[in-house]
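The values are calculated or read from the model by the stated rules, or taken from the named source; none is laboratory data. All values derive from a computational prediction rather than experimental measurement. Cβ atoms come from the backbone with ideal geometry, glycine included; neighbour counts cover every protein chain shown.
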């Protein structure tokens, strides 16, 4: 009779472990989804700022049409991007590069750099970029925790039984990270 109790006890412990592991994986997956929504919110904020920035620049640098169109097209592509984090990161990288070129060109326009509206938009965009980076780090940390739990034995058995898969990191290409600084001096 003691053997039956031991077997039932072991089976009970295995079941409790499986339930606990499953719940931990689901919690981690939800944290990943929640942290992705933080990135999404900040990206939308950036998308909303860009048209105002472009309109402000148009008034001072109308002959920079090619650069402005590149920003508008990159923004449109990024807004429409609904793929995986890797696909979205590619589109975001293109947008960041286009914005970098725009800000580099704007160095040639002292009146624009002194425009109060432009300075406010630039400051908001800079703040938003910092918030995107913070949200990206938070998301990637959650992805790392989930992915680690999914591949580590024995929780990998529970993950595969319930179809819980690894998530992708949100990494912007290295070239996009080399964007010129988005700050301008108030000197004319």
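See the values below:
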{"item": "Residue match in segment 123-133 (condition: out of contact with any strand residue (DSSP E or B) (no Cβ under 6 Å at 6 or more places or on another chain), within 26 Å of residue 165 (Cα to Cα), without any contact (Cβ under 8 Å) to a residue 40 or more places away in the chain and in a helix (DSSP H, G or I))", "result": "yes"}
{"item": "Which numbered condition residue 116 fails, given (1) farther than 30 Å from residue 24 by Cβ; (2) in contact with a helix residue (DSSP H, G or I) (Cβ under 9 Å, 6 or more places away or on another chain)", "result": "(2)"}
{"item": "Candidate set from segment 18-44 (those that are in contact (Cβ under 8 Å) with a residue 12 or more places away in the chain and either farther than 25 Å from residue 172 by Cβ or in contact with a strand residue (DSSP E or B) (Cβ under 7 Å, 6 or more places away or on another chain) (or both)); member that is surrounded by the fewest Cβ atoms within 10 Å (Cβ to Cβ)", "result": "26"}
{"item": "Among (1) modelled with pLDDT of 90 or more; (2) on the phi < 0 side of the Ramachandran plot; (3) not in a helix (DSSP H, G or I) - the single one residue 163 does not satisfy", "result": "(2)"}
